[in-house]
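A.B. asks: Encoded as structure tokens, here's the structure I'll be asking about.
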Amino acid sequence: MEHKKQTLSLEKAWRYFFIIYEVVWNLFLIFLILILCLICFAVGLGTGYFASLVKDMPIPSYEEMKKDIYDYEETTHIYFANNVYLGNFRSDLEREEVKLQDISPYVIKAITATEDEYFYEHHGVVPKAIIRALFQEATNSPVKTGGSTLTQQLVKNQILTNEVSFERKAKEILLALRLEKFFSKDEILEAYLNVVPFGRNASGRNIAGIQAAAQGVFGVNAKDLNLAQAAFLAGLPQSPFVYTPFTSDGKVKKDLSPALNRMKTVLKRMKQAGYISEKQYEEALQYDVTKHFAPPKPSPFEKYPWLTMEIEKRAKEVLAEVLAQKDGYTKEQLLQNASLHERYVAKAEKQLRQNGYNIYTTIDKTIYDRMQKVVADYRYYGDDIIQYVKDKQTGKTIAKREPVEVGAMLIENKTGKIISFVGGRDYKRQQLNHATQAYRSNGSTMKPLLVYAPAMEMGVIQPGSIIPDTPLRIKTAKGYYTPENADRKTHGLVTARRALQYSYNIPAIQTYMKIMNQHPVEYLHKMGITSVANTEENHIALAIGGTDKGVTVEENVNAYATFANYGTFIDAYLIEKIVSKDGKVIYEHKSNPVPVFSPQTSYLMIDMMRDVIRHGTASSLPFYLKFQADWAGKTGTSQKNQDSWFVATNPNVTFGVWMGYDTPAPLQSMYKGLSYGKRTQLLWAQLINAAYDVKPQLVAPNTRFNMPGGIVRRTYCTVSGLAPSNICQKAGLVSYDLYNTKFTPKQGKEPYLIEGRFVEVNGKRYAALDTTPSEFVSSGVILNREILKKWGINGSSASGWNGELFVNELKENGKIPAPPSIHLTNGIITWQPHSENDVIGYRVYRAGQDGSPPRVVAIVKAGKTLSFANLQPGATYYVTAVDIGGKESTPSNTVSMPLPSAADQAKETKTPEGQKH
């Protein structure tokens with residue numbers, strides 16, 4: 001019975017087991033089916049996505065692919081003006097073609113073991129490597145092992161760009177498969193080894209290709225590399241500028257451990273792949289590659305770093321525009337779409353590097369060379385300063401020594417050709433091109449461009465217009481803005497011509513506020529100064545160069561050339577043309593003149609800027625020049641004297657110079673006896689003198705700026721700028737200037753001048769009161785006090801300005817003046833100035849004789865010589881003080897003139913008739 005129960009329990013257990021087994025098995029099958037479905041779905045989805053990424057990509061032919069992967073040997077050449085050869089396109093990139101049989105076998109083994117262990121087995125891609133890379137990307141893995149084969153890397157370097165996107169990766173995979181179909185492994189490997197980047201060589205220049213790497217790092221040919229050297233170089237392509245042993249200035253890095261560790265990794269992989277033995281591995285580890293680095297080699301490009309970099313940048317830009325236009329894009333679309341622009345610049349760079357073009361520039365070699373020498377030899381920059389800046393990598397504050405930097409540019413007016421420029425003092429210290437890339441406040445050189453020329457074009461002012469240079473306090477959103485002139489003084493009523501001549505800030509701001517609502521910034525944009533945004537035009541300080549970003553030397557100089565071109569802006573350029581190796585013109589510069597100002601406005605601006613050099617802020621310039629020309633220019637200084645400018649133009653060329661520290665800081669007020677302004681002007685003169693020595697006809701034309709029609713000379717009243725009225729002529733306040741015939745001085749009643757009564761005290765004029773004694777009052781032409789109020793001028797602020805026009809207010813103190821104290825010395829009565837401010841003069845009395853009343857014998861106005869000399873012998877005198885209200889003091893002490901002695905009388909008698917003592 002017991003046995004039967006056990007048998008039934010066992011059967012029941014087996015039955016449960018089979019039920020569970022069937023459930024689990026069915027669940028497993030369902031799960032497996034789901035997994036397979038998901039895999040199929042994922043594969044389908046991935047395939048569909050892959051197809052969508054490459055559906056619009058044109059499939060290159062064998063010939064096209066061959067051209068792309070082998071066309072690395074064609075070097076683009078650069079020329080100065082007049083076909084003078086400069087050198088290769090990339091001054092800091094060296095590449096030399098080499099055949100596979102001329103490459104050390106160690107290199108081939110090292111590259112394949114490190115970069116693509118399945119190179120000889122795959123057909124262009126390794127699926128598991130791609131899946132692994134995708135998984136790492138999806139999980140944001142900190143360790144990226146990569147998924148690109150050598151074939152894919154070759155495609156990326158030679159056919160596609162380095163853009164990081166799934167679309168580019170999909171195209172790379174498709175092209176890699178196609179490349180493997182047409183080319184052998186040796187052909188692919190040879191092409192790869194000739195194009196892959198290897199960091200920098202011993203001269204600090206970028207290198208690509210194994211031959212340039214072997215020569216540049218170890219000074220040997222690629223076929224002569226030993227195992228350790230080959231392993232060292234094979235490790236560089238993974239991260240060329242991390243592992244490269246040299247800095248950009250050609251020095252050996254202090255820390256070479258990353259590169260040496262990478263070399264050890266390469267050797268280890270070579271050993272694991274069976275390419276080298278244990279003995280070879282150990283010997284290579286013992287080899288000290290650092291003792292076999294090549295010495296630096298001089299390069300012709302080292303002489304022209306700023307120039308070659310500027311040519312490269314501009315050549316890529318103009319060729320990118322050509323390529324984009326071929327594909328149906330406009331220049332505006334290219335500039336407005338950052339990714340589109342980046343893509344075409346990359347295409348342009350690839351073509352310039354591969355297609356063997358000839359680039360012709362506008363730079364005159366001799367002028368350029370001489371200007372660089374002037375900058376190197378100049379001794380009046382000022383002292384270096386120590387700046388404390390944050391290190392971008394560590395975030396720590398570090399001390400940095402900075403010299404005064406310089407940027408300069410010479411442009412031919414009628415064509416826009418950049419004849420020469422100065423990028424800075426030391427390219428190795430600072431790679432920033434201070435002529436084309438450094439944005440700085442242009443200070444008062446902004447005034448002609450943004451204020452005076454636009455205002456004349458609008459008819460708001462003319463050279464003879466009167467602008468009040470009076471204390472100014474302007475309410476803004478951030479508080480009050482109180483501009484000052486550079487000399488910390490105000491100068492009263494000045495003409496626009498004089499305000500520009502001496503670079504007064506307040507008149508420029510007064511004028512700008514009148515035209516702000518008419519969008520004067522648009523004039524800057526028409527002249528190529530696009531760095532100033534429309535949103536800035538409400539910033540009043542913009543009138544004197546207070547920009548958010550600043551302008552470049554090129555922009556500033558180019559804008560000034562507009563005046564020389566009688567109001568037409570011609571954009572400056574450096575690339576004349578780009579020609580293919582077979583002589584086809586790929587790009588040629590064509591000017592696009594932009595009308596900005598009328599010829600009349602431009603000439604008037606030129607004539608005003610002539611005065612800056614004749615008698616204004618640049619009056620020292622003619623003494624520095626070795627030649628004469630019809631120059632018109634403008635000085636400029638930014639806030640806190642951080643930037644110093646001088647820009648000038650003549651009928652042929654426009655030339656400008658900027659000086660300042662890279663990290664904005666005040667320039668020294670005086671250095672070796674010269675102010676910062678004169679130091680800038682002296683450098684400007686020495687640079688243009690150097691250009692004159694080379695091309696005197698270009699730099700110093702015999703012609704002058706011709707006055708166009710529509711300009712006349714007219715008289716104006718110097719206090720109002722209106723046509724002179726009778727009262728203005730009576731006051732002798734008539735002058736003359738040039739005017740646009742559309743905006744000559746208007747006729748009409750002179751509102752600024754009136755006939756008025758005033759008193760004079762210490763050289764100042766004060767309005768007379770009704771009770772002021774008439775003997776102290778003068779009459780004449782004075783400024784209307786209502787105008788004074790309108791301009792916010794009070795008594796103290798008017799002092800020193802055209803004293804014959806201004807009257808101040810002198811308040812009566814309400815009390816009778818104290819009597820003065822007088823003295824008699826050598827027959828002359830004298831006394832000291834009165835201590836009370838409202839005293840306007842003195843009355844001199846002679847006491848009566850024989851009971852007659854005292855009599856006023858003299859009136860002496862305050863501030864003049866306080867004395868009286870015409871005394872009668874035996875007479876008694878006293879003096880009273882009189883205030884502006886007519887109140888008179890009590891008499892002073894008395895003095896008496898003594899009678900002459902008997903001897904004096906006898907001497908008087910003997911004096912010949914008709915003569916007196």
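Bear in mind that the values in this text are calculations on the coordinates, not laboratory data. Nothing here was measured: the structure is a model prediction, and the numbers come from that model. Methodologically, a virtual Cβ is constructed for each residue, glycine included, from the backbone with ideal geometry; neighbour enumeration extends over all protein chains shown.
A.B. asks: Among (1) 35.6; (2) 44.3; (3) 31.4, only one was calculated for this model; which label is it, if the read-out is Kirkwood radius over Cα pairs in Å?
C.D. replies: Read-out from the structure maps to (1).
A.B. asks: Say the dipole of the chain comes from +1 at the beta carbon of Lys and Arg and -1 at that of Asp and Glu; which of M409, A691, M458 then lies farthest toward its positive end?
C.D. replies: Checked the options; the winner is M458.
A.B. asks: Give, as ranges by residue number, the residues of the stretch 730-761 whose backbone N falls under 14 Å from the point 7 Å along Cα→Cβ of V777.
C.D. replies: Hits in the stretch 730-761 for V777 at 14 Å: 755-760.
A.B. asks: Can you tell me the length gained on complete extension of the stretch T830 to A376, counting 0.36 nm per residue apart and subtracting the Cα distance? Display every interim value, and only then the final one.
C.D. replies: Working: separation 454, 0.36 × 454 = 163.44 nm, distance 6.70 nm.
Difference between extended and current length: 156.7 nm.
A.B. asks: Which pairs, out of K634/K742; K417/K526; K350/K417, put more than 21 Å between their alpha-carbon atoms?
C.D. replies: On the way: K634/K742 26 Å; K417/K526 18 Å; K350/K417 27 Å.
Correct reply: K634/K742; K350/K417.
A.B. asks: Next up: On a full-extension model of 0.36 nm per residue, what is the gain between Y85 and F18, subtracting their alpha-carbon distance, rounded to one decimal in nm? Numbers along the way, then the final one.
C.D. replies: Numbers: separation 67, 0.36 × 67 = 24.12 nm, distance 9.07 nm.
Net length gain for the segment: 15.1 nm.
A.B. asks: Given the Cα-Cα distance of S257 and S277 and 0.36 nm per residue of separation, how much length would full extension add, in nm? Mind dumping the intermediate values first?
C.D. replies: Working: separation 20, 0.36 × 20 = 7.20 nm, distance 2.43 nm.
The S257-S277 span can extend by a further 4.8 nm.
A.B. asks: Using mean Cβ contacts within 10 Å as the protection proxy, how do 378-391, 191-204, 866-879, 99-112 order, highest first?
C.D. replies: Values: 378-391: 13.1, 191-204: 23.4, 866-879: 16.3, 99-112: 19.3.
So the peptides 378-391, 191-204, 866-879, 99-112, ranked by packing, come out 191-204, 99-112, 866-879, 378-391.
A.B. asks: Mind giving me the FRET efficiency for D224 and Y287? R0 is 22 Å, r the Cβ-Cβ distance, nearest 0.05 is fine. Don't skip to the answer; put the middle values down first.
C.D. replies: Numbers: r = 14 Å, r/R0 = 0.65.
Working from the Cβ atoms, E equals 0.95.
A.B. asks: Under 5 Å between amide H atoms, partner at least 5 residues away or on a different chain: which partners does I385 have, H built in plane at 1.01 Å?
C.D. replies: E402
A.B. asks: Right, another one. Which trypsin sites (Lys or Arg not before Pro) in the stretch 434-478 sit in a loop by DSSP (not H, G, I, E or B) and have at most 14 other Cβ atoms within 10 Å of their own Cβ?
C.D. replies: Passing both the DSSP loop test and the Cβ count: R473, K478.
A.B. asks: Going 7 Å from the Cα of K428 toward and past its Cβ, which residues in the stretch 167-207 have a backbone nitrogen under 18 Å from where you end up?
C.D. replies: Taking a point 7 Å out along Cα→Cβ of K428, the residues of the stretch 167-207 whose backbone N falls under 18 Å are 200-206.
A.B. asks: Using amide H atoms built 1.01 Å from N in the peptide plane, name the residues 5+ places from I822, or on other chains, whose amide H lies under 5 Å from its own.
C.D. replies: HN-HN under 5 Å from I822: N893.
A.B. asks: Once the cut-off is 19 Å, how many percent of the Cα-Cα pairs in the stretch 842-901 end up in the long-distance tail?
C.D. replies: Working: 554 of 1770 pairs.
Here the tail beyond 19 Å accounts for 31 percent of pairs.
A.B. asks: So, one more: So what's the stretch 651-694 giving for Rg/Rh, alpha carbon basis, Kirkwood Rh from the mean inverse pair distance? Write out the running numbers ahead of the final one.
C.D. replies: Details: Rg = 12.7 Å, Rh = 12.0 Å.
Reported Rg/Rh (Cα atoms, Kirkwood Rh): 1.06.
A.B. asks: How high is the relative contact order of the chain? Use alpha-carbon pairs under 8 Å, at least six apart in sequence, and give a whole percent. Could the numbers behind the result be given before it?
C.D. replies: Numbers: 1691 pairs, mean separation 77.1, N = 917.
About 8 percent, as a whole number.
A.B. asks: Check the straight Cα-Cα distances from K746 and name the aspartates and glutamates below 20 Å, setting aside those fewer than 8 residues away within the same chain.
C.D. replies: E457, D737
A.B. asks: What is the distance, in nm, between label points placed 7 Å from the Cα along the Cα-to-Cβ direction at I30 and at M670?
C.D. replies: Output for this residue pair reads 9.8 nm.
A.B. asks: Filter the cross-link list K428/K678; K181/K581; K67/K99; K156/K271 down to pairs whose alpha-carbon distance in this structure exceeds 25 Å. The partial results should precede the final answer.
C.D. replies: Values: K428/K678 28 Å; K181/K581 30 Å; K67/K99 16 Å; K156/K271 29 Å.
Too far apart for the 25 Å limit: K428/K678; K181/K581; K156/K271.
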